[in-house]
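Please read the structure below before turning to the comments.
Just so you know, all these numbers are worked out from the coordinates, no wet-lab data involved. All values reported here derive from a predicted model rather than from experimental measurement. Note: ideal-geometry Cβ built from the backbone for every residue, glycine included; neighbour counts use all protein chains shown.
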Amino acid sequence: MCVDMRMEDVIVDTPAPLLTAGGDVGATSVGRREWAGLAVLALACLVYSMDLTVLHLAVPQISEVLRPTSSQLLWIIDVYGFLVAGLLLTMGTIGDRIGRRRLLIIGAAAFAAISVIAAFAPSAPVLIGCRALLGVAGATLAPSTLSLIFTMFRDPGQRSVAVGVWVGSYSVGGSIGPLAGGLMLEHFWWGSVFLLAVPVMLLLIVLAPRVLPEFRDPDAGRLDPLSAALCTAAVLLVVFGMKKAAQDGPGPAALSALSVGVAIGVVFVRRQLNTADPMLDLRLFRLGSFRTALTINMVAIFVAFGYALFVGQYFQLVLGMSPLRAGIATIPAGLGFMVGSQLGPRIMKVVRPAYMIGAGMAMAAVGLLLLTQITATGGVELTIAASLLVSFGLAPVFGVTTELIVGTAPPEQAGAASGLSETGAEFGGALGISILGSISIAIYRSQLAVGLPYGLPEPDARAARDTLGAALEVARSAPGKMGSTVADAAKHAFLTGMHLTAAIAAGAALLLAVIAVTRLRNVPPG
């Protein structure tokens, strides 16, 4: 994905109308095949976006059945996103060599097969392994989307609409995840949420050869296994160190993992600067608008995915809502995301990107601050309103920054810019879950270290300090008033962590608003 892609370097094994670079005079409009191809690409985006959120409502059942530790629970949720992020550049290079459509079909088949295995995982370690393999399969899907869109749709107006559909497919996937997961959990076991991806992947396998042309780059650089290993190892070691510090404190193991991860990251960057066929073209970072848009896009997704983890648990574990009711409560936020992503291209025609991004991030910050006011005895309406503000504010930001990331790069580097955009998006989402989740767990554990009632057996106290789901299970089995005391203390500790992480996310959103207005103010509308 991150190799330079020029129109004269693309091999198309089936005819498809392509436009001249930049949509200049002489360009032809795309036909039905390209729009049908866009629908298939959106389908791929929908599925691996859905897999980032589908487990949010299943967390209570997973905690009860598989009894994962707090660290294992976070790995179950976000190892998928981190492996997608770590392998995107590698899979992009492979796609250039064997064909992006072929890679898409291979990834879809693997995704369906692993989803079936994950649905019947007997333990937390097995589920973590399945989620990791799903991340590998998801990384084969991602390179086939954005760079293909910028190749198939050369006219700026049509491309803007296509990017809006691309962003919208992420929002639909993120919205369908909790709702569809809630419907499945209402009637089936926790593993049923993984089976949702199977029919979609099978449909993609059938449709892709019919509507997508095959794109290969005959001048694609050779695959560099060492760079791929360095990139993945750096990401995973840093995350492991962060999780370890959240669970057990900043001990030797956590600090060692962080240090080694950073060191490997430095080696990876140096290798990219010195190799003839870099996976990551670092020259793109010389472009100021590119750097700013990429940063805003990544941190905005960090905010979006980070806070969503807590909302699902709040609805079910704190307020006691069923999975189906909790899924229904997420519908307004999903609609806000879809509407906002479609309004973005229209607003961008008349409003400078700086002010559009600034207004969207400010709106999201207001919604996040509202989340700091919810309590353990109510707050459904307030939480829904807050989520709606966050999603409606962030949706146009994703579309605008994606256009800026790829549009500000030279035409011959569109493939590299696309890869960086998708990598940053996946990394930002998984990092939001990990960092904000780790902060919340650290606060939760510190609160319960002094908040649990005297006389609670030590094994039960240890379990209660691990996760909110485990604490509520301990509360149900504890005698007399001790059970209600444990439940109240655990809910209070969870809300304390949720309030602080929402405030941190709000601060990040406001900071991005300022950065956008000051650094992108010279970028014109459209």
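So here's what we get for this one:
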{"item": "Dipole of the range 260-337 [Lys/Arg +1, Asp/Glu -1 at C-beta], most positive-end residue of Ala304, Leu335, Ala276", "result": "Ala276"}
{"item": "The range 109-145 versus the range 268-309: alpha-carbon centroid distance in Å", "result": "25"}
{"item": "At R0 = 41 Å, FRET efficiency that the Cβ-Cβ distance of Arg270 and Leu335 yields, to 0.05", "result": "0.35"}
{"item": "Label-point gap, in nm, between Ser256 and Arg210 - each point 7 angstrom along Cα→Cβ", "result": "5.5"}
{"item": "Cα-projected label distance for Leu203 with Arg476, points at 7 Å along beta-carbon direction, nm", "result": "3.5"}
{"item": "Gain in span if fully extended, Ala449 to Val380, counting 0.36 nm per residue against the direct Cα distance", "result": "22.0 nm"}
{"item": "Difference of contour (0.36 nm per residue) and Cα-Cα distance, Val126 to His187", "result": "19.6 nm"}
{"item": "Contour minus Cα-Cα distance for Val514 and Lys349 (0.36 nm per residue)", "result": "57.3 nm"}
{"item": "Mean Cβ neighbour count within 10 Å, used as a protection proxy, ranking 108-114, 335-341 highest first", "result": "335-341, 108-114"}
{"item": "By average C-beta atoms within 10 angstrom, highest first, the peptides 184-192, 349-357, 487-495", "result": "487-495, 349-357, 184-192"}
{"item": "Dipole magnitude of the range 57-139 about its Cα centre (Cβ charges: Lys, Arg +1; Asp, Glu -1), debye to nearest 20", "result": "320"}
